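> There's a structure below that I have some questions on.
The values are calculated or read from the model by the stated rules, or taken from the named source; none is laboratory data. Since we're looking at a predicted model, the values are computed, not measured. All Cβ positions, glycine included, derive from the backbone under ideal geometry; neighbour counts span all protein chains shown.
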Amino acid sequence: MDFKLGILLAFGTMAFLVCSEAPFVKMTNVVCESYNKSWIAVHYCRLKAYSRNKTSSNINLTLSEPTSNVFVHVKLMKKYNGYKPFLVDVTLDGCQFMRKRNNPTVKIIWNLIKDVSTLNHTCPYRGLQMLSDFHRIEVPVPLPTGDYLLMLNFLFFGKKQFGTKVYFTFVEDL
């Protein structure tokens, strides 16, 4: 009887350790830059700290002209001695992605922000665009522990118009 109890206790402990394994992700900074201020006006781009371990990102901008030709350059960088390219460096047609969601790497980012942004429609984009109270980050792929930089550059009709840099810390809890 004690043997069965010991096996059950060992199995329960193992299940708890496997199921409670969760990474820790915290945004540390967000920087937005409009390269063409007559087309894109950035009203605010900031992090709001709720606690030591929880921050939320808020971005609010206005497009003065409608655009139907949007390309997005996504680059993930890891901090070694400065930020070095890591894993992702892709340029994709944003309007086509909103119709088909055909890039699995960018789809991970899209699934994080789709519920808290106004970008959830197809082209053309015009007027107020925002990301508000973005704080829930669940990375579905394993990453090494460290500091990361996610760079998003938006190109309208082949010219860089807007860029966002999101700095975050990822700690894998094993």
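> Looking at the stretch 129-146, which of its residues are modelled with pLDDT of 85 or more and either on the phi > 0 side of the Ramachandran plot or touching a helix residue (DSSP H, G or I) at 6+ places or on another chain (Cβ under 8 Å) (or both)?
Result: L131, G146.
> Check I59, I109 and return the single one that is at pLDDT 90 or above and crowded, with 16+ Cβ neighbours inside 10 Å. So that I can check it myself, show each step before the final result.
Numbers: I109 fails: at pLDDT 90 or above.
One residue alone meets the criteria, I59.
Table: residues versus (1) more than 28 Å from P104 (Cα to Cα); (2) β-branched (V, I, T).
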| position | (1), (2) |
| --- | --- |
| F24 | no, no |
| V31 | no, yes |
| S34 | no, no |
| A41 | yes, no |
| C45 | no, no |
| S51 | yes, no |
| L63 | no, no |
| T67 | no, yes |
| Y80 | no, no |
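> Ok, one more. Starting from the stretch 125-140, keep only residues that are among the acidic types (D, E), then list their pairs with residues that are not in a loop (DSSP other than H, G, I, E, B) whose Cβ atoms are within a distance under 7 Å, requiring at least 6 positions of separation or different chains.
D133/S56; D133/N58
> Right, another one. Quick one: F97 ticks every box in (1) within 24 Å of N58 (Cα to Cα); (2) surrounded by 15 or more Cβ atoms within 10 Å (Cβ to Cβ); (3) free of Cβ contacts under 8 Å to residues at least 60 places away in the same chain; (4) within 15 Å of the chain's Cα centre (by Cα) except a single one, so which number is it?
Result: F97 fails condition (4) only.
> Taking the stretch 80-89, which residues are in a strand (DSSP E or B) and surrounded by fewer than 15 Cβ atoms within 10 Å (Cβ to Cβ)?
Result: K84, P85, L87, D89.
> Check L92 against each of (1) at pLDDT below 90; (2) not in a loop (DSSP other than H, G, I, E, B) and name the one condition it does not meet.
If we test L92 against (1) at pLDDT below 90; (2) not in a loop (DSSP other than H, G, I, E, B), just (1) comes out false.
> For R126, state whether it is basic (K, R), touching a helix residue (DSSP H, G or I) at 6+ places or on another chain (Cβ under 6 Å) and over 28 Å from V171 (Cα atoms).
no
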